[in-house]
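J.: Got a structure for you, written out below as structure tokens; questions coming shortly.
The values are calculated or read from the model by the stated rules, or taken from the named source; none is laboratory data. The model shown is predicted, which means the values in this text are computed figures rather than measured ones. All Cβ positions, even for glycine, are placed from backbone atoms using ideal geometry, and neighbour counts span all protein chains on display. Remember, those area values only see protein heavy atoms, side chains included, never the ligands or the DNA or RNA. Shrake-Rupley method; radii C 1.70, N 1.55, O 1.52, S 1.80 Å.
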Amino acid sequence: MSSIAGKIYRVVGPVVEAEEAVSLRMLDMVEVGEDHLIGEVVRIKADRAFIQVYEDTTSLKAGDFIYTQGTPLYVELGPGLLGNIYDGIQRPLEIIKEREGFYIQKGVHIEALDRKKKWRFLPRRKAGDNLRSGEQIGEVQETDLIMHKILIPPAISGSLKWLAPEGDYSLLEKIAVVTKGGVDIDIFMYQRWPVRKSRPYGERLTVNEPLITGQRVIDTLFPVAKGGCVAIPGGFGTGKTVVQHQIAKWSDAEVVIFVGCGERGNEMTDVLLNFPKLIDPRTGRPLSERTIFIANTSNMPVAAREASIYTGITMAEYYRDMGYNVALMADSTSRWAEALRELSGRLEEMPLEEGFPAYLPSRLAEFYERAGRVRTLGGENGSITIIASVSPPGGDFSEPVTSHTKRFIRCFWALDRDLANARHYPSIGWIESYSEYLDDIKRWWQDKVSAQWLESRYIIMELLQKEQKLLQVVKLVGPEVLPQTQRLILETCYIFKNAFLQQNAFDKVDTYSSAKKQLLMLKAIITFYQAGEVIVKKGISVNEIKVLPVCHELMRMKTDYTEDDLDRLEKMPEKVAEALKELDF
């Protein structure tokens, strides 16, 4: 039950100043005014409390009451999350549309999880067992793709006094009783958790496995590990959202959470319309069965953007605690930072560079440190990988959000406007981008694919760097004056960029490349360079090499060879070497 905790003193945009608020605490969730608008306490000064309201504050006036239940802003976690579409404060948009129409009315309070739906509960422990926090007591088949594990909530442990038998239960029905110190604690299939507090885990583990995305420029050149953090900065139109969509579709994460944080409504609409139609390539089931959407677009209240990031990461931690690998897409953290700037201004705080608050770096750090690979309280290994886009104005990577973000991540996919204008997608530039996860994941590549991955990557990256310098000379005097060895570098990089790095998301074959296919393609291109270098030094010109049929085969191999044709692709390096060797006679 809510109780009166103060009155409105004044309203400044999304910020409400409350008086007579001695019972309120920092980060308490409150309901403001006659419409019971949802808000959160962000500052306390004497008997005054400052509240950021997550809905339109137009109708509020001085003297309106403020109500509280004495709890922080929380999310509900349990069966029914997957496939749902929520706003920034976890209100289910599909149900709101059914009840209210296409516009969210003020003060709408709808439970995030369906209380009436029955779930088939399968017990996995027995009465008398001693339970630790986070241990599994049963499971529910949430979707055909994900088995939802029912966990003992953190901070609860003891002896299992009673466990419900197999059967169909709603979220309001008790499924277990845990006894500790003579006190019985009822356990349900859902739990609540404060969004700003990270869920506890047993131990943080080192990352050792790549998140395979099927995008060659990512997996081969700038990989991210499961449990890692990556930023995707780029100006308008460079393809940030498209990259995230591709990763959400094709990555080998078991659960995907897509947070549309202040992005344009048409982009989020595109996601929501297309994702339910997409089929998971590994299972043949709809992709939405392992995806949660948080849709918080740029025309929604600014303050709600700030909450949406925390809502998403808390859901990610919940599925991580079940032992799943979760990928969190945040699009974009710049819009989230703009919400911080707006609220900071309303609170009359001292601004720093470009008007952002002084605590911007610490808020970014709080968010990114919730990623990682951990051993959960229940003994499972799970991970959260954060893939966050950044929208620097004018593509200026020196602006505060991008520069501060680089301090807390280990992988950086810089989108290049020139590549995007040339219709080269993904437009991840190979000069400014980097990944610090190479040493962490090289053992996985050695064990699962080939020990040659890291060496091959170094060879091609060195060629790309040489090409960058040679292109400056070419702009001045043209390619004809270069020696044949240097012209071979240019030709090799041309093939690599067009046959390997450029990838068509709408081509059924090219949209996804397995790790093995990527390495075989890379080996064929490196063989082209190494075999070509030998014959060029003997007097063969690059023009003679360029007209060989095998060069056209290299350019087409990304679409000519499907995942079922990898045996034929394995012969490609040998075929290239023989074709070039014939020129030497």
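J.: Just for region 124-180: of the residues that are touching a Gly at 6+ places or on another chain (Cβ under 6 Å) and assigned to a strand (DSSP E or B), which one is nearest to N84 (Cα to Cα)?
T.: Here the answer is I150.
J.: Is region 411-422 home to any residue that is part of a helix (DSSP H, G or I), open to solvent by 50 Å² or more (accessible area, probe 1.4 Å), touching a residue at least 12 places away in the same chain (Cβ under 8 Å) and out of contact with any Asp or Glu (no Cβ under 7 Å at 6 or more places or on another chain)?
T.: Start the filter on region 411-422 by keeping residues that are part of a helix (DSSP H, G or I), which leaves 417-421.
Narrowing further to those that are open to solvent by 50 Å² or more (accessible area, probe 1.4 Å): 417-418, 421.
In the following step, the residues that additionally are touching a residue at least 12 places away in the same chain (Cβ under 8 Å) were identified as 417.
Narrowing the set further to residues that are out of contact with any Asp or Glu (no Cβ under 7 Å at 6 or more places or on another chain) leaves 417.
Within region 411-422, one or more residues are part of a helix (DSSP H, G or I), open to solvent by 50 Å² or more (accessible area, probe 1.4 Å), touching a residue at least 12 places away in the same chain (Cβ under 8 Å) and out of contact with any Asp or Glu (no Cβ under 7 Å at 6 or more places or on another chain).
J.: Now a separate question. Given the structure, is K61 touching an Asp or Glu at 6+ places or on another chain (Cβ under 8 Å), open to solvent by 30 Å² or more (accessible area, probe 1.4 Å) and either part of a strand (DSSP E or B) or at pLDDT 90 or above (or both)?
T.: On the way: touching an Asp or Glu at 6+ places or on another chain (Cβ under 8 Å): no; open to solvent by 30 Å² or more (accessible area, probe 1.4 Å): yes; either part of a strand (DSSP E or B) or at pLDDT 90 or above (or both): yes.
Taking the combined requirement at face value, the residue does not satisfy it.
J.: Right, here's the next one. Considering only residues that are free of Cβ contacts under 8 Å to residues at least 60 places away in the same chain, open to solvent by 20 Å² or more (accessible area, probe 1.4 Å) and under 31 Å from the mean Cα position of the chain (by Cα), which ones fall in region 435-467?
T.: The first filter runs over region 435-467 and keeps only residues free of Cβ contacts under 8 Å to residues at least 60 places away in the same chain, leaving 436, 439, 442, 446-447, 451, 454-455, 458, 462, 464-467.
Pick out the ones that are also open to solvent by 20 Å² or more (accessible area, probe 1.4 Å) and you get 436, 439, 442, 446-447, 451, 454-455, 458, 462, 465-466.
E436, D439, K442, Q446, D447, A451, L454, E455, Y458, E462, Q465 - these are the residues of region 435-467 that are free of Cβ contacts under 8 Å to residues at least 60 places away in the same chain, open to solvent by 20 Å² or more (accessible area, probe 1.4 Å) and under 31 Å from the mean Cα position of the chain (by Cα).
J.: For region 549-561, what are the residues that are open to solvent by 80 Å² or more (accessible area, probe 1.4 Å) and either over 36 Å from the mean Cα position of the chain (by Cα) or among the small types (G, A, S) (or both)? If you could, list the steps in order and put the result at the bottom.
T.: Of all residues in region 549-561, those open to solvent by 80 Å² or more (accessible area, probe 1.4 Å) come to 549, 552, 556.
P549, H552 - these are the residues of region 549-561 that are open to solvent by 80 Å² or more (accessible area, probe 1.4 Å) and either over 36 Å from the mean Cα position of the chain (by Cα) or among the small types (G, A, S) (or both).
J.: Could you say whether any residue in region 153-161 is in contact with a strand residue (DSSP E or B) (Cβ under 6 Å, 6 or more places away or on another chain), open to solvent by 90 Å² or more (accessible area, probe 1.4 Å) and farther than 13 Å from G78 by Cβ?
T.: So far as region 153-161 goes, yes, one or more of its residues are in contact with a strand residue (DSSP E or B) (Cβ under 6 Å, 6 or more places away or on another chain), open to solvent by 90 Å² or more (accessible area, probe 1.4 Å) and farther than 13 Å from G78 by Cβ.
J.: List every residue pair whose Cβ atoms sit under 7 Å apart, with the two residues 6 or more apart in sequence or on different chains, where the first one lies in region 105-123 and is farther than 25 Å from K161 by Cβ and the second, anywhere, is modelled with pLDDT under 90 and among the β-branched types (V, I, T).
T.: Filtered contacts from region 105-123: V108/I96; I110/I95; I110/I96.
J.: Still on this structure, I have one more. Give me a count of the residues in region 474-492 that are farther than 23 Å from V550 by Cβ, open to solvent by less than 60 Å² (accessible area, probe 1.4 Å) and free of Cβ contacts under 8 Å to residues at least 12 places away in the same chain.
T.: So the answer is 1.
The rows are residues; the columns are (1) of a type in the set (A, V, I, L, M); (2) in contact (Cβ under 8 Å) with a residue 24 or more places away in the chain; (3) in a loop (DSSP other than H, G, I, E, B); (4) more than 16 Å from I387 (Cβ to Cβ).
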site: R199; (1), (2), (3), (4): no, yes, yes, yes
site: R204; (1), (2), (3), (4): no, yes, no, yes
site: T220; (1), (2), (3), (4): no, yes, no, yes
site: P223; (1), (2), (3), (4): no, yes, yes, no
site: M268; (1), (2), (3), (4): yes, yes, no, yes
site: V271; (1), (2), (3), (4): yes, yes, no, no
site: E289; (1), (2), (3), (4): no, yes, no, yes
site: I294; (1), (2), (3), (4): yes, yes, no, no
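J.: Now for a separate question. Check region 233-244 and report whether any residue there is aliphatic (A, V, I, L, M), closer than 21 Å to T385 by Cβ and at pLDDT 90 or above. First the steps, then the outcome.
T.: Of all residues in region 233-244, those aliphatic (A, V, I, L, M) come to 242-243.
Now restrict to residues that are closer than 21 Å to T385 by Cβ: 242-243.
Still in the list and also at pLDDT 90 or above: 243.
Yes, because at least one residue in region 233-244 is aliphatic (A, V, I, L, M), closer than 21 Å to T385 by Cβ and at pLDDT 90 or above.
J.: So, one more: Can you find, within region 311-344, the residue that is nearest to the chain's Cα centre (by Cα) among those that are within 16 Å of N381 (Cβ to Cβ) and open to solvent by 10 Å² or more (accessible area, probe 1.4 Å)?
T.: Looking at residues that are within 16 Å of N381 (Cβ to Cβ) and open to solvent by 10 Å² or more (accessible area, probe 1.4 Å), I get N325.
J.: Shifting gears a bit: One residue is enough: does region 232-250 have a residue meeting the conditions in a loop (DSSP other than H, G, I, E, B) and buried (at least 24 other Cβ atoms within 10 Å of the Cβ)?
T.: To start, the set of residues in region 232-250 that are in a loop (DSSP other than H, G, I, E, B) comprises 234-239.
Next cut, buried (at least 24 other Cβ atoms within 10 Å of the Cβ) only: 234, 238.
Within region 232-250 (the criterion being in a loop (DSSP other than H, G, I, E, B) and buried (at least 24 other Cβ atoms within 10 Å of the Cβ)), the answer is yes, since at least one residue qualifies.
J.: Would you check which residues across region 381-398 are open to solvent by 10 Å² or more (accessible area, probe 1.4 Å), touching a helix residue (DSSP H, G or I) at 6+ places or on another chain (Cβ under 9 Å) and in a loop (DSSP other than H, G, I, E, B) and list them? I'd like the intermediate steps shown before the answer.
T.: Going residue by residue through region 381-398, those that are open to solvent by 10 Å² or more (accessible area, probe 1.4 Å) are 381, 391, 393-398.
Filter once more, so that each one left must be touching a helix residue (DSSP H, G or I) at 6+ places or on another chain (Cβ under 9 Å): 391, 393, 395-397.
Within region 381-398, S391, D396, F397 meet the criteria.
Residue by residue, here is whether (1) over 21 Å from P281 (Cβ atoms); (2) in contact with a strand residue (DSSP E or B) (Cβ under 8 Å, 6 or more places away or on another chain); (3) open to solvent by 10 Å² or more (accessible area, probe 1.4 Å) holds:
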| site | (1), (2), (3) |
| --- | --- |
| M521 | no, no, no |
| F528 | yes, no, no |
| S541 | yes, no, yes |
| V547 | yes, no, yes |
| E563 | no, no, yes |
| A577 | yes, no, yes |
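J.: Pull out all pairs, ordered by first then second residue, where Cβ-Cβ is under 6 Å, the residues are six or more apart or on different chains, the first lies in region 513-525 and is in a helix (DSSP H, G or I), and the second is open to solvent by less than 10 Å² (accessible area, probe 1.4 Å) and of a type in the set (F, W, Y).
T.: L519/W453; M521/F500; I525/F496
J.: Pick out the one residue from I8, I95, I44, I89 that is closer than 30 Å to H148 by Cα and not in a loop (DSSP other than H, G, I, E, B). I'd like the intermediate steps shown before the answer.
T.: Working: I8 fails: closer than 30 Å to H148 by Cα; I44 fails: closer than 30 Å to H148 by Cα; I89 fails: not in a loop (DSSP other than H, G, I, E, B).
Answer to the check: I95.
J.: Just to be sure, is F506 aromatic (F, W, Y) and either outside any loop (DSSP other than H, G, I, E, B) or open to solvent by less than 20 Å² (accessible area, probe 1.4 Å) (or both)? Don't jump to the end; show me each part of the working.
T.: On the way: aromatic (F, W, Y): yes; either outside any loop (DSSP other than H, G, I, E, B) or open to solvent by less than 20 Å² (accessible area, probe 1.4 Å) (or both): no.
In short, no.
J.: Turning to a different aspect of this structure: Of everything in region 181-197 that's free of Cβ contacts under 8 Å to residues at least 24 places away in the same chain and either open to solvent by less than 10 Å² (accessible area, probe 1.4 Å) or not in a loop (DSSP other than H, G, I, E, B) (or both), which residue is farthest from E111 (Cα to Cα)?
T.: V183
J.: Would you point out the residue of region 345-365, among those that are without any contact (Cβ under 8 Å) to a residue 12 or more places away in the chain and in a helix (DSSP H, G or I), that is surrounded by the most Cβ atoms within 10 Å (Cβ to Cβ)?
T.: The extreme case among them is G345.
J.: Name the single residue, out of those in region 65-77 being open to solvent by 20 Å² or more (accessible area, probe 1.4 Å) and at pLDDT 90 or above, that is nearest to the chain's Cα centre (by Cα). Break it down stepwise before answering.
T.: Going through region 65-77, the residues open to solvent by 20 Å² or more (accessible area, probe 1.4 Å) turn out to be 65, 67, 69-72, 74.
Checking which are at pLDDT 90 or above leaves us with 65, 67, 71-72, 74.
Working: F65: 39, Y67: 35, T71: 28, P72: 25, Y74: 21 Å.
This residue is Y74.
J.: Oh, and also: Determine if region 267-289 includes at least one residue that is within 12 Å of the chain's Cα centre (by Cα), closer than 28 Å to R373 by Cβ and β-branched (V, I, T).
T.: Within region 267-289, the first condition is being within 12 Å of the chain's Cα centre (by Cα), and the residues that meet it are none.
No, region 267-289 contains no residue that is within 12 Å of the chain's Cα centre (by Cα), closer than 28 Å to R373 by Cβ and β-branched (V, I, T).
J.: Residue by residue through region 26-58, note down the ones that are at positive phi and open to solvent by less than 10 Å² (accessible area, probe 1.4 Å). So that I can check it myself, show each step before the final result.
T.: Going through region 26-58, the residues at positive phi turn out to be 27, 33, 36, 46.
Answer for region 26-58, where residues must be at positive phi and open to solvent by less than 10 Å² (accessible area, probe 1.4 Å): just G33.
J.: Scanning region 78-103 for residues that are free of Cβ contacts under 8 Å to residues at least 60 places away in the same chain and of a type in the set (D, E, K, R), which turns out least open to solvent (accessible area, probe 1.4 Å)? Before you say what the answer is, go through the steps one by one.
T.: First pass over region 78-103, keeping only residues free of Cβ contacts under 8 Å to residues at least 60 places away in the same chain: 91-92, 94-103.
If we keep only those that are of a type in the set (D, E, K, R) too, we end up with 91, 94, 97-100.
On the way: R91: 17, E94: 83, K97: 94, E98: 145, R99: 165, E100: 79 Å².
The extreme case among them is R91.
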